[in-house]
1. Quick check on PRO18: is it within 16 Å of ASN112 (Cα to Cα), under 13 Å from the mean Cα position of the chain (by Cα) and at pLDDT 95 or above?
2. Could you go through the range 67-79 and let me know if any residue there is modelled with pLDDT under 95, within 19 Å of HIS22 (Cα to Cα) and in contact with a strand residue (DSSP E or B) (Cβ under 7 Å, 6 or more places away or on another chain).
3. Only one of (1) crowded, with 20+ Cβ neighbours inside 10 Å; (2) over 17 Å from MET119 (Cβ atoms); (3) modelled with pLDDT of 95 or more fails for GLN32. Which number is that?
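The values are calculated or read from the model by the stated rules, or taken from the named source; none is laboratory data. Everything numeric here is computed off the predicted structure, so don't read it as measured data. With ideal geometry, Cβ positions are generated from the backbone for all residues, glycine too; neighbour counts draw on all protein chains shown.
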Amino acid sequence: MWDQLTTRLEGQIVVLKPLEAHHEDGLFAAAQHPEIWTWLAPIGSSREYFSAWFAASLAASEAGREGVFATIDRASGRPIGSTRYLNLREEHRGLEIGWTWLEPAMWQTGANVEAKLLMLEHAF
């Protein structure tokens, strides 16, 4: 499973796509809402900070240390956030799901619930 950690996962509301370089601009645009960052590190606060976060996320995913996704709105095809598998513990067949953020327009739409369900179904 670990070598197939990030595969395209498709629901009715969102599509989770393995993070790729071409997602950066769309995700940066989605990250431009300060209310997202009330309880998270403010990665959208500057292009420099966001680009550093994006590069680190992409590198972690490519190295197999994490499974990072771009969360895409299925209806529009637009990036709306990100989520990931992290703290991978292959020896215990364990992982965590987190580092999730969505643009506020997608809050309370079922997007986050569906994303987590897709990830749980894929992981187990």
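1. Numbers: within 16 Å of ASN112 (Cα to Cα): no; under 13 Å from the mean Cα position of the chain (by Cα): yes; at pLDDT 95 or above: yes.
Answer is no for this residue.
2. Yes, some residue in the range 67-79 is modelled with pLDDT under 95, within 19 Å of HIS22 (Cα to Cα) and in contact with a strand residue (DSSP E or B) (Cβ under 7 Å, 6 or more places away or on another chain).
3. GLN32 satisfies every listed condition except (1).
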